[in-house]
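Structure, as structure tokens:
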Amino acid sequence: MEQRIEKAIDNTLESASSQLYIFNVGLGIVLVILGIVFFLTGKRTKGTGGKINAGLICTVIGIVSIVSGIVQMF
């Protein structure tokens with residue numbers, strides 16, 4: 001009984017894992033685009049270092065997310 005439940009859970013999680021990797025890459029792309037937008041709008045208005053920093057942080061996290069998703073897919 002327990003083995004059947006464990007196999008069912010393992011199969012479900014294994015089938016969902018590829019979708020999560022694709023979601024990870026997609027979210028990374030969105031974060032990179034959002035980071036670039038924040039970075040460019042922060043440069044236009046002087047005196048707002050917060051937008052520039054937020055843009056850089058979003059871009060770095062997005063790149064890490066993209067690389068992580070691609071590595072886990074292969």
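The values are calculated or read from the model by the stated rules, or taken from the named source; none is laboratory data. This structure is a prediction, so every number in the text was calculated from the model and none was measured. A quick note on method: Cβ atoms are made from the backbone with ideal geometry, for glycine too, and the neighbour counts reach across all protein chains shown. Heads up: the accessible areas ignore ligands, DNA and RNA and are worked out on the full protein's heavy atoms, side chains in. Shrake-Rupley method; radii C 1.70, N 1.55, O 1.52, S 1.80 Å.
Before moving on, here are some points about what is shown:
- Residue in segment 14-21 that is over 17 Å from the mean Cα position of the chain (by Cα), at pLDDT below 90 and of a type outside the set (Asp, Glu) present: yes
- Each residue in segment 1-48 was checked for being closer than 26 Å to GLY62 by Cβ and part of a helix (DSSP H, G or I), and 30 pass.
- Any pair with Cβ under 8 angstrom, 6 or more apart, that starts in segment 3-21 at a residue that is in contact (Cβ under 8 Å) with a residue 24 or more places away in the chain and ends at one that is open to solvent by 90 Å² or more (accessible area, probe 1.4 Å): TYR21/GLN72
- Candidates in segment 50-74 are the residues that are among the polar types (S, T, N, Q) and touching a residue at least 40 places away in the same chain (Cβ under 8 Å); of these, the one that is surrounded by the most Cβ atoms within 10 Å (Cβ to Cβ) is SER65.
- Within segment 6-49, the residues that satisfy the criterion of being open to solvent by less than 50 Å² (accessible area, probe 1.4 Å) and farther than 20 Å from PHE74 by Cα are LEU31, VAL32, GLY35, THR41, GLY42, GLY49.
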